[in-house]
Each structure stands twice: as C-alpha cells, then as structure tokens.
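Worksheet for the structure shown next.
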Amino acid sequence: MNDYLRVGVITSTHGLKGEVKVFPTTDDLKRFESLKKVILEINNDYIELEIVNVKYFKQMVILKFKDINDINDVEKYKGMDLLVTRENAIKLEADEYFISDLLNCKVITDENQELGIIKEVLTSRANDVYVVETPDKKEILIPVIKDCILNIDINNKIIQVHLIKGLI
C-alpha cells in the first residue's frame, strides 16, 4: 500500500499572490478546510506545504500556502499531485476503501476463475464500477453491488466476485 493518498491535482494558478486552483480527488470537497499540510509530489520527491487559506470556486478548491506569495513560485506546480499521509487521510467506514488500495488487486470469481486485475474504479451516484483488465488486455466492468462483490481482501490484494448473468 502507498504511504500517500492523493487529495487533489493543481490545475492552474489563481491570481498573482501564489494561490493555486486544485481539482479535488477526494469525495469531500470541504476536506481541505481541516487539512493543515499537504505534500507536493515533484518527480518522486516530496515537499510539505502548509495551507494557510482555503477558498472555493465552482467545483475547484483554491489554496494558499505559507511562504509562497508570488505566481512565479507556483507556476511550476501545475499538473502536480497534492498528497496526504495515511495518518491524515479521512477515516473510512466499514466496507469502504481507498481507490489506490483497490488498484492492481487480483479479481477472482466465486468459482475460483481469475478474471484479471483492477485497472480503474469508475465512480457514479448509483454505484462504483471496477474496470478489470483481463490477461488478454480486454476490459470487464463489474458493478460494486452486493450481488457482485463477495469479498475484498486489501492486505492480500484479492477481490472475489460473483458474475451475474449477462455481465460478460
């Protein structure tokens, strides 16, 4: 499991005083209000940034970091991930998982047939969908519903599913 979880991506600068627009990758947009620090990933190097102000514009978050007061200081951060440590991550409810923990899990059926690995998780209001890549590089879409998902073992990276009729 990764030590860091992505909470957003810097999309652009905002104004001239070093603020950035962030596309949130967390379910809770207001999450940034409780964050004191985030970690900026730059080419596998990590820089801790202290958040001093949070604003909102449409579905974007506007952040101001301590000691960054000029647009030129943040211009180079466009497109970079903002991370938090697992200790600072939102506490999950029972049967909730971070998407990053689900990726690359092996998917097997209740008949012990290996389907492939999870390459992506699509989110929607109704239910999430696991995108499973088969060994021959095809995709199987499995809805995350009780009828289909039987067991999730994050520690061993195995998800057991039941294929309802018509799914494949």
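Just so you know, all these numbers are worked out from the coordinates, no wet-lab data involved. These figures come from a predicted structure and were not determined experimentally. Cβ: placed from backbone, ideal geometry, glycine included. Neighbour counts: every protein chain shown.
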### Query
If the cut-off is a Cα-Cα distance under 28 Å, which lysines reach Lys91, setting aside same-chain residues fewer than 8 apart in sequence?
Lys21, Lys30, Lys36, Lys37, Lys55, Lys58, Lys64, Lys66, Lys106, Lys119, Lys146, Lys157
### Task
Please label the shape of the chain as rounded, prolate or oblate, based on the square roots a ≥ b ≥ c of the eigenvalues of the alpha-carbon gyration tensor (a/c under 1.5 means rounded; beyond that, a/b larger than b/c means prolate, else oblate).
prolate
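Computed FRET efficiency, Cβ-Cβ of Ala94 and Phe23, R0 22 Å: what is it to the nearest 0.05?
0.15
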### Charge tally in the Cβ shell below 14 Å around Asp95, where Lys, Arg are +1 and Asp, Glu are -1, Asp95 excluded
-3
### Message
Need one number: nm distance between label points at Ile140 and Lys119, each 7 Å from Cα along Cα→Cβ, rounded to one decimal.
### Response
1.4
#### Entry: Expected 222 nm ellipticity per residue - DSSP helices of 4 or more, -39500 (n - 2.57), all of the chain, to 500
-500 deg cm²/dmol
### Task
Sort region 99-161 into rounded, prolate or oblate with this rule: let a ≥ b ≥ c be the square roots of the eigenvalues of the Cα gyration tensor; rounded if a/c is under 1.5, and if a/c is not under 1.5, prolate when a/b is larger than b/c, oblate otherwise.
rounded
### Task
Enumerate the amide H contacts of Val161 below 5 Å, restricted to partners 5 or more residues apart or on another chain; note that Pro and chain-start residues carry no placed amide H.
Ile108, Thr109, Asp110, Leu150
### Unit charges on C-beta of K, R, D, E only; dipole of the chain, Debye
600
### Summary
Inter-part gap, Cα centre of region 110-168 to Cα centre of region 1-30, in whole angstrom, is 29
